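The structure under discussion appears below in the form of C-alpha cells.
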Amino acid sequence: MTQAHRLFRAALALVLAVGLVLVLLGPLTAQEALPKLDESGALLPRKGQAALPAAVPVTDMAAMDGTSLDYEAWERLAARAEKATANRNASSDALETLRRQLVDWRAALVGAQNANAARIATLRTQIAALGPAPAEGAVEAEEIANRRSKLGEQLVELQAPGLAAEEAYRRADGLIAEIDRVLRERQADQLLKLWPAPINPANWPEAVIGLTDTGQRLWLELAESWANPKARAAFGDNVPFILLLVALAIGLLVYGRAWVQGLASRLQDRASARGRQILALLASLGEIAFPLIGILCAYGAFMLTEMVADLGALVVDAIANAALYVTLAAWLAGRVFPRGASEGPLGLPPERRAEARYHAVAMALLIGLDGVRFAAMDAQSYSEGTTAVAAFPGLAVSGLILVRLGQLLFRHLSRDRREGEGQSYGMRLIGILGQGAMLVGVLGPVLAAVGYVPAASAMIYPAMISLGVVGLLLVVQDLVTDLYALITRSDDTAGEALLPVLANFTLALASLPVFALIWGARTSDLTELWTRFREGFALGDTRISPTNFLVFAVVFSIGYVLTRMFQGGLKTSILPRTSLDQGGQNAIVSGLGYIGIFLAGLVAINAAGIDLSGLAIVAGALSVGIGFGLQTIVSNFVSGIILLIERPVSEGDWIEVGTTQGIVKSISVRSTRIQTFDRSDVIVPNSDLVSGRVTNWTRFNLTGRLIVPVAVPFTTDSRKVEAILREVAEAQPLVILKPPPVVALVGFGLETMNFEIRVILRDVNFQLQVRSDINHQIVARFAAEGIMLSNAHRDFLLKQAQEAAQTAAEAEAAQEAERAVAEFLEPPPPPASKRRKSPPKDATP
C-alpha cells in the first residue's frame, strides 16, 4: 500500500469520526449554545461566565459617530470613573468595564477634534487675505474691520466643538491612565502577597481538610444526581451513545496518535527530498486532530451521563483542558525534538531529545493539573494556607523540570562552543533562554516555599508556556524555510536566503505581544500601546503618526517609480533621436531624476499632511551642526550638480586627475567613477573635479599631440637622423599633415643626441598604438641606414681602453724577456773562499 493510500484512508477515518461526534454531540452542544433571556428580554450569562457589564446608553452609542457628541452623558461617565478610581473597594471588573467605555469615548473624541477643519482652514486664509491686524492706535477701514470681526466670530464658533472635544479627550486619556495605574498596583500587590508557608507543617492539616472537603463535595454531587430519577433515566437512555463515545475516545487516543506519529517520523527521516518536511508536518497534525476528537468524545460521554453537577462540571472542563495541553505538548515536542535520524531545529542527540520530549509533556501535565486544582479548590474560596500547600508540590516539580530542560539546552550549546562549532544568533538566544529557565526553576520553588506562592506561580508557569511558544516559533520558522526551499528548489541554501530570514524575523517580532500576555500583561495594556502608536508622537506643534508615514511611503514610492519610468523613456526613446551627445543625454536624465525625486518628496509630505513649519526652528538649529559635519558631502553634492550643468566632464571622456588617468564611467551626485587603463575603478570626489586641475583629452575633440623621444649616439649624422624621423612621422595614417610633424633636436645627453617627434593625431585614443608603430619603423629605418641605436661613443671609449691595456701588457712582456736574456749572458760571481773579508767600517778592534 502506498503512502498516498494511507493518507487517504487516514483522512477518511478522520472525517467519519468528526461526523459521528458532531451527530452525537450536536443536540447537547446546540442546547448549551442557545442564548438564554431573562424576563425583560436581556441576555443572561452562561454557566461559568461572569455577569455581563452594563450596556452603554443609547445616547452614548449614538455619540460614537464623532459628529454630535452627548457631552452630558460624557460628564456622567467621567464622574463615575473618577469616583471608581478614588474608591479602593471598587472591583477590578468594574474598572475594566469603565475603561472600555472610556476608550470608546476617547476614539470618538479624536475624530471630533477635527470637526470643521476644512472650514476653519478656509476662514484662516480669508482672515490672512485681509492683511495683518492694525497696530494699537491705528485705524483700519470700516468695511475691512467689520469683515475681519465677522470672520473672527465665525472662526471662534467653529473652533468651539474641536476645543471641547480636545479637552474631553485629555480628560478621558487621563482617566484611562489612572485606571491602568490602579489595576497595575493591584496586580503587583496580589503577586507580592505573602501567604502561609507551605513547608510549615502547621498548615498541612488545614490543607488535608480542604482536599477531603473537595472530594466529599464531588461525591455528594454524584450521589444527588444518581438519586434523581430523571437523571438516572437520562443516563440509561444515553448508555449506548456513551459506550460508543468511550470506544471512539479510546481508539483515537491509543491508536490514532501512534499511527500518525509513525507516519510523520518516516517522512521526516527522508528530509533530503524536497517537500518531505512539509508533508511530514502536515501528516503530524493528525497527532493533534485524532486525540482532540478523542478528548471531545470522552467529554461528551461524561456530559451525557447527566451525573455532572456544578463542581463536577468545572473539574471535567479542567481535565479536558489538561488533556488538550498534553496533546499539544506531545505534538510540539515531537516536532522540536523529533524521533528518528532528524536532529530537529536544536540539533540535540537522540537520548537528549527523548528526555526533552518527556519533560515537555510533563510540563503540560503539570499546567493542566494546576488548572484542575484551581477549579476544584481555588474557585471554592479556600483559605490561602490550603491553596499554598496544595499548589506547592506542582510548583516544586515544575521548577525541577525547568532546571533540567534548561540544562539540556545550555549544556548542549556549551558543548558546541567547546568543539569550535559556529553558532547563529538564534542559537545563542536559545542558550540564554536555557539559563533563564534554570534561574526560574531554582528561584520559583524557593519563593513558594517561603510563602510567595502567587509570585512563584507567576514565574514558573509562564516560563513553561514561554518555552512552548518558542518551540512553536521554531517549528513555524522551519516551515517557512521549507516552503521557500520547495518554491525556489534550493535545499542547501534556503536557510541562508534573505526572504526566509526576514519572514522568520517578522514572526519573532509578531510573537512579542503573545509573550507579554503570557507574563501577565493585560489585553488593555497592549491595545493602549497600539493606540499610542497610531496616534504618533508630537514634534513641536507637529504630530506625526504611522498613518502619515504610510501615506508618505506610498506616495513617494509612486513618485519614485514614475520618475524612473520617465527617465527610462527619455534614455531609450527620445534622447537617442536628438543631436545631443551621450554625455548631454546622461546629464539630462540624471538631472530630471533628481528633480523628480525632490518633487515626489514634496508631494508625499503634503499628501501625508505633515506640517514642517513647526520644525523650522529645530531644522535651523540642526543645520549648523549638520553644516559642519557634512560639509564635505554637501560640497561633493553641489559639485556633482555643477558637473551635470556645465558638463566639463562627461561619461566616456578620457581624463587625467592628478596621478589618475582613465575613462569616466559614471557621474553620481557625490562622486565620479573612473576606470583606469589597467581595468581598476577609482572613485574620485566631485569636488576634486570642480576645484582641482583636470585634463580632458577627449571632451571637445579627439585630436591630440603625441611626442616620441629618440636618442642616437654622437657619432651619427644629425641631419640624416632628422630626415629619417620626418619620413617616419609623415608615413603614419593617423598623423595630421597640417600642421606638419615636427622633428627637433632638443638637447644633448652625456653620450647621446636627443630628438623628439611631435605630431598631431586625429584620434588621441590611438596614442599608444601610433607610438608603437613609429618606434617599430624607426628601428627598421635605422637598421637599413646603418645607424646604431646602441651607445657607439661608449663603445669607442671602451675599445680604446682595451687597446691601451693590451699595448701596456705587451710592453711589460718585452721588458721581462730582455731582463731574462741579460741575466742569462752575465758571468757567474767568484767563490766565497777567494773573496777577502773586510771588517765593517764601524767595527772596533
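The values are calculated or read from the model by the stated rules, or taken from the named source; none is laboratory data. It should be emphasised that the depicted structure is a prediction, and the values quoted were computed from it without experimental measurement. Reconstructed Cβ throughout: ideal geometry from the backbone, glycine too, with neighbour counts over all protein chains shown. Note: areas computed on protein heavy atoms with side chains; ligands, DNA, RNA excluded. Shrake-Rupley method; radii C 1.70, N 1.55, O 1.52, S 1.80 Å.
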Among 804-812, 111-119, what's the highest-first ranking by average C-beta atoms within 10 angstrom per residue? 111-119, 804-812
On a full-extension model of 0.36 nm per residue, what is the gain between Thr527 and Leu768, subtracting their alpha-carbon distance, rounded to one decimal in nm? 79.3 nm
Hull-based mean projected area of region 644-733, where the convex hull spans the alpha carbons, in square nanometres: 8.6 nm²
What FRET efficiency comes out for Gln159 versus Ala79 if R0 is 22 angstrom and r is the Cβ-Cβ distance? Round to the nearest 0.05. 0.25
Euclidean distance between Cα centres, region 641-683 to region 734-748, Å: 31 Å
Averaged over all viewing directions, the convex hull of the alpha carbons in region 195-252 casts a projected area in nm² of 7.0 nm²
Evaluate 2.2 N^0.38 Å with N set to the residue count of region 89-201, then give the Cα radius of gyration divided by it. 1.97
State the percent of C-alpha pairs, over all pairs in region 93-135, separated by a distance greater than 15 angstrom. 64 percent
For a quick check: with amide H placed at 1.01 Å from N, whose amide H comes under 5 Å from Trp519's, ignoring anything fewer than 5 positions away on the same chain? none
Once every Cα of region 548-612 carries one equal point scatterer and solvent is ignored, give the base-10 log of I(q)/I(0) from the Debye formula at q = 0.13, 0.19, 0.20, 0.29 Å⁻¹, two decimals. -0.42, -0.69, -0.73, -1.12
Quote the Stokes-Einstein diffusion coefficient, in whole µm² s⁻¹, for region 147-190, based on the Kirkwood radius over alpha carbon pairs, a temperature of 4 °C and a viscosity of 1.567 mPa s. 99 µm²/s
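Order the peptides 551-563, 394-406, 427-439 from the highest to the lowest mean number of other Cβ atoms within 10 Å of their residues.
The most tightly packed comes first, giving 394-406, 427-439, 551-563.
I'd like to compare 308-314, 684-690: which one has the highest average count of other Cβ atoms within 10 Å, and what's the full order after that? Intermediate values should be presented prior to the final figure.
Numbers: 308-314: 17.3, 684-690: 20.7.
Going by the mean number of other Cβ atoms within 10 Å, highest first, we get 684-690, 308-314.
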Using a 1.4 angstrom probe, figure out how much accessible area region 303-400 has per residue, in square angstrom, rounded to the nearest whole. 39 Å²
